Amino acid sequence: MTSLVGSSLLFSALLLAVWGAVASWTAARRSSSPHALSAERAALAVFLLLTLSCVLLVRAFLVHDFSIRYVAEYSSRNLPLFYLISSLWAGQAGSLLFWVWLLSLYTVAVIRSERRSGDRQLLPATLLSLHLTTAFFLVLTTIATNPFEPLSPAPSDGRGLNPLLRNPMMVLHPPSLYVGFVGFAVPFAYAMAALGTNRLDIAWIRKIRRWTLFAWLFLTLGNLLGAEWAYVELGWGGYWGWDPVENASLLPWITGTAFLHSVIVQERKGLLRVWNFSLIVVTFALTVLGTFITRSGIISSVHAFGRSSLGPLFLVFLVITLAVSFAMLFRRLPSLRRTLELRTLLSEEWAILLTNIALSGWALVVLWGTLFPSVSEALLGRSLTLGAPWFSAMSRPFGIALLFLLAICRALNWGRTDWRAFARRMALPLAVALGVAAVALAGGVKHGAALLAYALAVAVLLAMIVDALRIAKAKAKTSQVSLASALWNLIGRQRRLYGSYIVHIGVAVMFIGIVGSSTFSRSVTRTVSPGETIEIGKYALRFEGLKTESHSDRTSVVARVSVTNSGKAFGEMTSRKDFYPNYEPVTEVGIRSRIHEDLYLVLAGYERDGRATLQVFVNPLTLWLWVGGALAAVGGIVAWLPPRREKTQRTPPKKR
C-alpha cells in the first residue's frame with residue numbers, strides 16, 4: 001500500500017511540474033496572469049505532494065516497512081532513530097527524492113519572495129526553468145530509480161546502513177551539500193529569465209544576491225563537514241583526497257565564489273555582464289555534473305553510489321542545459337556587450353577581475369584532473385588517474401595568487417588608487433607578514449611556498465582587521481560613540497561588507513591550517529606487541545594491547561595506547577575495527593587535537609597473537625582549518641542577513 005501511494009504521489013507531482021512549465025511558458029510569452037497564477041499554484045501543489053512523499057518514506061523507515069526495497073537496503077531494526085531518519089538520503093533513490101523536494105521548496109520560496117517584493121515581471125520565466133528542472137528530477141524518481149519500489153517477499157530485517165555513514169558528520173554533510181547544489185538552480189533560473197525576457201538590467205542581479213549567498217554558504221558547510229567526516233572516518237590521516245566526488249562538490253563552490261565577486265563589478269560599474277551570465281550557467285551546470293559523477297559510476301570514488309542507468313540521463317540534461325543557455329546568451333550578446341573600462345591596475349575592479357581569472361583557472365585544473373580518467377579511457381582505451389599530489393601541486397599557484405589578491409584588495413579603491421595611499425594602508429600588514437615569515441624561517445620552516453603562504457595569510461588577517469577598524473574609528477568619531485559601539489552598529493547596518501571581512505579572515509585561517517597539515521604532516525607505521533613503544537617527534541605511544549567488545553549491532557576490536565609527550569603523561573588513545581553484519585570492517589580512529597597539532601592513531605590491522613599494526617600521524621595546525629571554516633560560515637551568515645535599519649525618532653505632534 002505504501003509503495004502504491006508513494007509512487008502515485010510522485011507521478012502526480014511529475015504531471016503538475018510539466019503543467020507548471022507549460023503554464024509558465026504561456027504566462028511569459030503572453031503576459032497571461034491566469035497562466036502565471038496557475039504556474040504558481042502548480043509549484044505549491046508539487047511541494048505538498050513531495051513533502052507527503054518524503055514523510056511517507058521516513059515513516060516507512062520508522063515502522064521498518066521492509067516491503068519497500070529502499071527501506072530494506074538502507075536500514076535495519078537495530079538502527080538508532082537518528083540514523084533511521086537520515087536513511088532518507090543514504091542511497092540514490094532517496095537522495096534524489098530529497099533533492100527534488102528541496103527544489104520544490106526553493107520554488108515556493110521564490111514565489112513568496114516575488115509576491116512580497118511586488119516586482120513579478122521575471123517570475124513566470126523564472127518558474128519555467130525551475131519547473132523544467134523539477135520535472136527532470138521527477139522523471140528520475142518515478143521511472144529510473146523509484147524510492148517506493150516494492151520488494152516481495154519482504155525480509156524480516158533490512159541490510160542496515162553502511163557503517164561509514166553512521167557518523168553525525170555524514171548525517172549533516174549530504175543535506176548541506178544538497179541545499180547548496182539545489183540552491184544554485186534559483187540564480188540560474190533568474191539568469192535564464194533575464195535572457196529570455198531581454199530584461200538585462202541590474203534587476204536580476206539584485207534579486208539573486210541573497211539566493212546565491214545562501215547556496216554558497218551551505219555548499220561551504222557541506223564541503224567542510226565532508227572533509228571532517230573523511231578525517232575522522234576514513235582513517236588515512238587526511239581530510240581531502242581529491243576524490244572525484246569531493247572535486248564535484250568543490251567545483252561549483254569555486255565558480256560560485258567567482259560569481260559572488262564578479263557581480264559586485266556589475267553592480268558598481270555595469271561591467272562583466274556576459275561573464276556573469278556565463279559564470280552562473282557554468283555553476284549550475286557543475287552542480288548537475290557533480291550529480292552525474294556521483295550517480296553514474298563512470299569514475300571510481302569512495303563517495304559514489306556505484307554504476308547505474310542514470311548517467312546517460314544526467315549527461316543529456318547537462319548538454320541540453322548548456323546548449324540552450326549559451327544559445328540564449330549568444331542571442332543577447334549585442335545588448336550585453338560593453339567596452340571594458342579598467343584604466344589602472346591599481347583598482348578594486350582589477351583585483352576582482354584577477355580573482356575571477358585565478359578562480360576560473362583553478363576550476364579548470366580541478367575539472368580536467370577529475371575527468372581525466374574518463375577522457376583517457378575514451379581516447380587511449382585505459383583509465384589513467386591523476387593523484388592527489390598532482391592536484392595539490394597544480395592548485396598551489398592559484399592558492400598563492402588568491403591570498404595575494406585578498407591581502408591587497410581592501411587597500412584599493414574603485415576606479416583609481418593613489419600609490420601613496422595604497423602603500424600606507426599596506427604598511428602594517430606587510431611588516432607583520434614579513435616578521436612572521438622571518439620567525440617561521442628561524443624556527444626551521446624551510447619550505448618556500450609554505451613560508452609565502454603563511455606570510456600572505458597573516459597579511460590578509462591584518463588587512464581585513466585594519467580596514468574594519470579604520471571604518472569603525474571614522475564612524476565612532478562622527479557619531480561620538482565608543483569604537484566597540486561603532487563596530488557593532490556597522491556590523492548590523494553594513495552586513496554585506498563586514499560579513500565579507502569575516503569570510504576572508506576565515507579563509508586566511510583555513511589556508512594556515514591547510515598549509516600546515518598538508519606540508520608538514522609526519523607519520524610512522526609499525527607492527528608492535530603489547531608493551532612495545534612507537535616514537536614520533538615528541539610523542540611516545542606504548543601499545544597496551546587489544547580487547548574485544550560486543551555491541552547490539554557490531555563487534556569491535558580495540559587497540560589501547562598510552563601516550564607521553566616529552567616524557568610527560570598525555571593520556572590514553574584508542575582506535576578500533578568495527579565488524580558489522582553484511583559489511584566490510586570499518587576503522588574508527590583516535591584523535592587528540594590541540595591548537596598547534598593533532599595526534600592521529602589508526603589500527604591498520606592485528607594478529608591473533610595480540611600484535612597490532614598501528615599508524616600514527618602528527619598533523620600540524622589541522623584545528624585551524626576547522627576554526628577558519630567556521631569563521632567563513634559565520635561571515636557568510638552575516639553577509640546573508642538583511643541589514644539592520646536605523647531607528648528613526650518620531651517628532652511628537654505639536655499641541656494646538
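The values are calculated or read from the model by the stated rules, or taken from the named source; none is laboratory data. Nothing here was measured: the structure is a model prediction, and the numbers come from that model. Cβ: placed from backbone, ideal geometry, glycine included. Neighbour counts: every protein chain shown.
Checking the structure you have, find out if any residue of the range 90-102 is free of Cβ contacts under 8 Å to residues at least 40 places away in the same chain and buried (at least 17 other Cβ atoms within 10 Å of the Cβ).
no
Tell me which residues, restricted to the range 469-511, are surrounded by fewer than 20 Cβ atoms within 10 Å (Cβ to Cβ) and under 22 Å from Leu430 (Cβ atoms).
Scanning the range 469-511 gives Leu469, Arg470, Ile471, Lys473.
For the range 583-608, which residues satisfy the criterion of being touching a Pro at 6+ places or on another chain (Cβ under 9 Å) and either outside any strand (DSSP E or B) or of a type outside the set (Val, Ile, Thr) (or both)?
Answer for the range 583-608, where residues must be touching a Pro at 6+ places or on another chain (Cβ under 9 Å) and either outside any strand (DSSP E or B) or of a type outside the set (Val, Ile, Thr) (or both): Tyr583, Glu584, Pro585, His596, Glu597, Asp598.
Looking at Phe404, Phe422 in this structure, which one is aromatic (Phe, Trp, Tyr) and touching a helix residue (DSSP H, G or I) at 6+ places or on another chain (Cβ under 7 Å)?
Being aromatic (Phe, Trp, Tyr) and touching a helix residue (DSSP H, G or I) at 6+ places or on another chain (Cβ under 7 Å) holds for just one of Phe404, Phe422, which is Phe404.
When you scan the range 408-426, do you find a residue that is of a type in the set (A, V, I, L, M, F, W, C), over 30 Å from Lys269 (Cα atoms) and not assigned by TED's automatic domain parsing to the domain that holds Asn247, even just one?
Within the range 408-426, not a single residue is of a type in the set (A, V, I, L, M, F, W, C), over 30 Å from Lys269 (Cα atoms) and not assigned by TED's automatic domain parsing to the domain that holds Asn247.
If we keep just the residues of the range 173-229 that are in contact (Cβ under 8 Å) with a residue 60 or more places away in the chain and not in a helix (DSSP H, G or I), which is nearest to Trp89 (Cα to Cα)?
Phe184
In the range 307-326, which residues are in a loop (DSSP other than H, G, I, E, B) and not charged (D, E, K, R)?
If the condition is that a residue be in a loop (DSSP other than H, G, I, E, B) and not charged (D, E, K, R), then Ser308, Ser309 are the ones that fit.
Within the range 223-243, which residues are of a type in the set (A, V, I, L, M, F, W, C), buried (at least 20 other Cβ atoms within 10 Å of the Cβ) and farther than 20 Å from Ala393 by Cα?
Leu224, Leu225, Trp229, Ala230 - these are the residues of the range 223-243 that are of a type in the set (A, V, I, L, M, F, W, C), buried (at least 20 other Cβ atoms within 10 Å of the Cβ) and farther than 20 Å from Ala393 by Cα.
Find the residue count for the range 1-42, including only residues that are within 19 Å of Pro150 (Cα to Cα) and in a helix (DSSP H, G or I).
Number of matching residues: 11.
I'm checking my understanding of the structure. Among residues of the range 260-285 that are within 23 Å of Tyr501 (Cβ to Cβ) and without any contact (Cβ under 8 Å) to a residue 60 or more places away in the chain, which one is surrounded by the most Cβ atoms within 10 Å (Cβ to Cβ)?
Among those residues, the one meeting the criterion is Val263.
How many residues does the range 597-638 hold that are surrounded by fewer than 23 Cβ atoms within 10 Å (Cβ to Cβ) and among the aromatic types (Phe, Trp, Tyr)?
Within the range 597-638, residues that are surrounded by fewer than 23 Cβ atoms within 10 Å (Cβ to Cβ) and among the aromatic types (Phe, Trp, Tyr) number 3.
When only residues in the range 540-563 that are of a type in the set (S, T, N, Q) and modelled with pLDDT under 95 count, which is farthest from Leu603 (Cα to Cα)?
Ser552
Looking at this structure, is Ala449 of a type outside the set (S, T, N, Q), loosely packed, with under 13 Cβ neighbours inside 10 Å and either out of contact with any Cys (no Cβ under 6 Å at 6 or more places or on another chain) or farther than 30 Å from Ser278 by Cα (or both)?
The answer is no for Ala449.
For the range 380-433, name all the residues that are among the aromatic types (Phe, Trp, Tyr) and at pLDDT below 90.
Those that are among the aromatic types (Phe, Trp, Tyr) and at pLDDT below 90: Trp414, Trp419, Phe422.
Modelled with pLDDT under 95, more than 28 Å from the chain's Cα centre (by Cα) and surrounded by fewer than 20 Cβ atoms within 10 Å (Cβ to Cβ), is that true of Ala154?
In short, yes.
Can Gly531 be described as in contact with a strand residue (DSSP E or B) (Cβ under 9 Å, 6 or more places away or on another chain), of a type in the set (Gly, Ala, Ser) and not in a loop (DSSP other than H, G, I, E, B)?
no
What are the pairs, 6+ residues apart or on separate chains, where a residue within the range 146-164 that is in the same structural domain as Gly226 (by TED's automatic domain parsing) and under 12 Å from Phe66 (Cβ atoms) has its Cβ under 8 Å from a residue that is surrounded by fewer than 17 Cβ atoms within 10 Å (Cβ to Cβ) and not small (Gly, Ala, Ser)?
Close Cβ pairs (under 8 Å, with a partner that is surrounded by fewer than 17 Cβ atoms within 10 Å (Cβ to Cβ) and not small (Gly, Ala, Ser)) amount to Asp157/Arg77; Gly158/Arg77; Arg159/Asn582; Gly160/Asn78; Gly160/Asp553; Gly160/Pro581; Gly160/Asn582; Gly160/Tyr583.
Applying the selection to the range 395-432, what residues are part of a loop (DSSP other than H, G, I, E, B), under 34 Å from the mean Cα position of the chain (by Cα) and of a type in the set (D, E, K, R)?
Passing the criteria: only Arg410.
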